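Every read-out reported here was derived from the displayed coordinates using simple, explicitly stated rules and does not represent laboratory data. Predicted model only: the values in this text are computed from it and were never measured. Glycine gets a Cβ as well: all are built from the backbone with ideal geometry, and neighbour counts include every protein chain shown.
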Amino acid sequence: MDIETILTKWLVPSTDNKQKNSLSRSGKRKVQGKKGIGRYAASILGNEFVMETTDSVSHNKSVIVIDWKQFENDTYQYLDEVPILVESYHSQGQGTKIEILTYDNWNQSERDILIAELRKLIPSKETFLTTDNKFDIYFYIENLDGTYENHEIEPFPSIDIYHYRIIGKVYKKDEKIISSFEYQNVYESIDDKIVIEKEITEISVNDYCGDITFDIRVIDRDNISLNFLKGVYEKEIYGKKISEYTNAELMKVFNEIAGVAVIRENFNVRPYGDKDFDWLNLNKRRVNNPTMRLDSHQISGLITIQNEEISGLEEKATREGLKENEKYEALIKIILSVISEMEQRRFIFRKYRINEEEKAEEKIKKAFELSGLYTQIVNELKKAEVSLQVVNHVSDIIRKAESEKTKQVNNITQALAEQDERIKEIIATYQIQASLGKVVNVVIHEGGKHLMYLRDQPKNIIKWANELEAKINKNTQVTDDDIIQDLINKISSRLQTVKEQADLFVKLFNKLRTIAISKRPHKKDFDLSKTLKTSVEIYENELELYGIKVNIFGSQRIVINGWDVDYIATFTNLIENSIHWLNIANKSHKEILITVNEESDNIEIIYQDNGVGINETYIEGGRIFEVGFSTKSNGTGLGLTIAKEAMQRNNATIEAEPYANGAKFIIKINKTQF
């Protein structure tokens with residue numbers, strides 16, 4: 001800095017100089033600290049502040065000396081009265097040197113904390129970031145005993161070891177927010193990279209928070225996965241080969257580097273990325289779906305954001321994070337959509353790379369299998385030249401034992417089958433209750449409006465009734481007839497409205513009564529068309545709110561045998577999903593189309609919406625029906641699983657089909673089983 005900049009800008013609080021001049025003189029580096037107050041934080045570290053700064057153009061060195069105690073002196077009323085020494089003279093070189101003098105005794109722990117905090121300001125050199133701007137920090141300590149400590153502040157290293165990695169950028173194109181990334185899975189190949197481009201639909205273009213780059217890495221923390229890493233990577237961590245670490249030691253290392261850091265203009269934005277600072281709420285999110293979701297200790301990574309003017313992501317005055325405004329919420333949704341993409345691919349890979357385990361009854365049969373033992377004993381007896389009569393006698397004993405064990409196995413298998421049926425009945429009831437839980441928000445939203453109206457009206461009716469009574473008890477004149485009639489009209493009108501609101505309440509709870517069960521009902525004949533309409537009516541207010549039209553085509557009355565609650569659970573889950581995706585789809589016309597086709601042996605229900613659709617990768621093999629799998633950033637992965645099992649209980653099937661214009665499901669009901 002030159003002397004004019006120091007006197008008119010640096011020493012003046014809260015100037016707009018850095019907002020007007022966002023680049024350094026060389027034009028290579030973005031200036032930091034645009035609020036113009038951060039420099040005064042140096043008063044916390046010591047009693048005196050000495051800065052030497054040499055202007056690279058004029059080669060004049062300026063020296064500023066500030067005694068912070070002077071600002072506490074009652075002699076001075078205003079800041080400009082406090083004496084500050086400023087000198088300038090010609091010198092060679094460039095850069096800035098700051099000395100802070102303190103009479104306090106800093107122990108080693110405090111020094112380590114300060115150095116660690118400085119290290120956190122600088123992004124790791126092993127990241128994907130590339131820049132021509134070199135910014136170094138050197139830290140010197142002169143102790144009271146005359147000894148010196150010199151530290152070149154190095155950033156914390158990035159540990160380039162992971163099971164899965166997603167790296168790419170987010171940008172706006174043609175009024176759409178696009179995520180372009182590479183996905184890597186070291187289980188398949190370290191060099192195997194899949195490049196994908198996808199629209200992010202979780203936020204609107206109006207909430208876009210600038211271009212973003214990201215590099216997010218995931219570790220599977222079970223022993224098998226950690227042992228796999230040791231066999232794949234030959235790298236060193238902190239000077240020690242990964243194969244030499246115990247799994248407990250590796251876990252400790254990964255705990256230290258876990259977190260998602262935010263970088264702006266080559267500086268870390270604190271406290272994002274700090275240990276145990278879960279700013280994306282990953283742990284809370286995982287509670288609802290532990291099978292699929294990742295927790296904060298499995299993820300390490302970083303993202304870069306643009307400056308405040310472009311992104312709308314503003315730093316707090318304390319420089320402790322970003323203001324939690326709409327742009328910040330959009331940033332979280334974008335990063336969660338990226339993480340969700342990795343979670344979906346990881347879920348599918350982990351699900352299908354593990355061979356299916358043997359069924360319980362097969363294990364039981366193997367446990368009681370005696371044929372191998374029989375052969376072994378007979379062979380040993382023959383080797384010992386035991387008489388044939390003895391061999392046959394032993395063989396008979398073994399065969400009888402095997403026959404008895406077979407009976408026991410059959411009894412156990414039958415008991416397991418009966419137990420399995422009871423468990424299925426319990427699960428079916430819980431699944432219906434889970435579907436009911438998903439419409440609780442609808443009940444709260446709709447019922448709340450009616451309750452507020454019913455709560456407020458009695459006091460008005462009582463007030464008008466009292467006024468009417470007073471008028472009647474009084475020697476009323478003809479001129480008061482209009483007033484009396486007006487009061488009667490008000491009371492009558494409000495009573496009628498109260499009745500209508502009460503009727504709406506009754507209607508609302510009648511809709512829910514069919515799935516609000518405490519015990520599994522028996523199969524019965526019911527009208528499928530009526531059940532479909534009931535499922536739609538549960539969401540009629542939400543559908544109207546978001547402008548979603550529902551059209552049902554096909555036979556007006558189709559009687560089938562089964563559990564109507566299963567069909568309601570299936571269709572409420574489908575409708576709830578459609579509302580979610582149609583609500584974030586950028587379409588002027590939103591529609592759900594349900595077509596029912598009845599044939600001699602089968603009934604086919606085609607369910608379609610014109611939302612964002614389903615990735616064909618997830619349709620393949622019925623993966624979207626797996627427990628825990630969800631394409632929603634905060635989904636539980638239960639809805640479609642419930643739908644599939646509900647249909648199976650009714651001798652029906654549900655499958656997703658590729659559909660260019662949205663989501664499409666086909667339900668087939670076997671009429672011959674009625």
Problem - Debye equation applied to the C-alpha atoms of the stretch 244-348, log10 I(q)/I(0) at 0.10, 0.15, 0.23 Å⁻¹ - result: -0.32, -0.69, -1.32
Handout entry: Convex hull volume of the stretch 164-353 per residue (C-alpha atoms, cubic angstrom)
Key = 134
Practice task
Of the DSSP beta bridges with both residues in the stretch 247-319, give the percent that are antiparallel, rounding to the nearest 5.
Solution key: 35
Handout entry: Cα→Cβ-extended label distance, 7 Å offset, between K523 and K407, nm
Key = 3.4
Exercise for the section: Be a star and scan the stretch 583-604 for residues whose amide nitrogen sits under 20 Å from the point 7 Å along the Cα-to-Cβ vector of N541. Expected result: 583
Exercise for the section: Assuming R0 = 41 Å, can you tell me the calculated FRET efficiency for the pair H580 and N602, based on Cβ-Cβ distance, to the nearest 0.05? Expected result: 0.85
Fill in the blank from the handout: Pairs over 19 Å Cα to Cα, from K533/K587; K176/K664; K172/K664; K533/K632; K459/K499, come to K533/K587; K176/K664; K172/K664; K533/K632
Practice task
With a point put 7 Å past each Cα toward its Cβ, work out how far L114 is from K668 in nm, to one decimal.
Solution key: 7.5
Exercise for the section: Enumerate the residues in the stretch 633-661 having an amide nitrogen under 18 Å from the point lying 7 Å beyond the Cα of V627 toward its Cβ. Expected result: 635-649
Exercise for the section: May I ask what percent, to the nearest 5, of DSSP beta bridges between residues of the stretch 524-673 are antiparallel? Expected result: 75
Exercise for the section: Pop the C-beta distance of T8 and E182 into the FRET formula with R0 = 56 Å and round what comes out to the nearest 0.05. Expected result: 0.70
Exercise for the section: Report relative contact order for the stretch 164-353 in percent, whole number only (criteria: Cα-Cα under 8 Å, sequence separation at least 6). Expected result: 23
Practice task
For an R0 of 30 angstrom, estimate the FRET efficiency from the Cβ-Cβ distance between S225 and E620 and round to the nearest 0.05.
Solution key: 0.75
Practice task
Using only the alpha-carbon atoms of the stretch 524-673, report the extent along each of the three principal axes, biggest first, to the nearest angstrom.
Solution key: 41, 32, 24
